[in-house]
Structures are given as structure tokens and as C-alpha cells.
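Heads up, the thing below is written out as C-alpha cells.
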Amino acid sequence: MQTVHYPTGRVYGAAQVLMITFTPTDDIMADVPAMFVDAARNIRGTVTVFGFDATPNTIGPAVLAEYDAGRYILA
């Protein structure tokens with residue numbers, strides 16, 4: 001498992017920085033669950049992204065897009 005911190009540039013009383021935990025994969029078409037914690041909004045959840053987005057450099061925007069679209073399960 002790997003954890004990254006993704007600052008979204010948004011402020012909800014405090015800066016929104018998503019803490020994202022996921023397992024990178026070499027299978028670019030795999031469904032990869034990514035758990036996130038949004039401390040600024042007190043929300044924890046899980047989203048699913050494609051394997052090609054499951055890298056430390058690309059996971060943040062992918063998780064934020066799913067989160068913004070409401071495609072997450074509360075944890």
C-alpha cells in the first residue's frame with residue numbers, strides 16, 4: 001500500500017488535502033480501490049480508479065474527480 005497527500009487548492013475552513021491510500025498495479029485496466037480522508041470536510045471514503053491512474057503522480061486528480069462526482073462509498 002502507498003499513501004499520498006493531494007492538496008486540491010480548495011478551502012473548506014481549512015485547506016483541503018486528500019490523504020489517499022492505494023495499492024499501485026502494473027495492470028493499467030485494473031479497477032483499483034483508493035481510500036481517502038478529507039480532514040477539511042470530515043469525510044472518509046473509497047473510490048475506484050483505473051490502474052493507469054494508480055500512481056503517486058496521477059492518483060490525486062483521479063480520486064478527486066470520482067469524489068466530486070459522488071462516486072464514493074463512505075467509510
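Readers should treat all values here as calculations from the given coordinates under stated rules, not as data from a laboratory. Please read all numbers here as calculations on a predicted model, not as lab measurements.
Wrap a convex hull around the Cα atoms of the chain, take a quarter of its surface area, and give that in square nanometres.
Mean orientational projected area (the chain, Cα hull): 4.4 nm².
By how many degrees, between 0 and 90 and to the nearest 10, does the Cα long axis of helix 59-68 differ from the longest principal axis of the chain?
Tilt relative to the chain: about 60 degrees.
When the Karplus curve 6.51 cos²θ - 1.76 cosθ + 1.60 is applied with θ = phi - 60°, which whole-Hz ³J(HN,Hα) does each residue of the stretch 36-42 get, with x for Gly and Pro?
Rounded to whole hertz, the list is 9, 10, 10, 5, 5, 10, 6.
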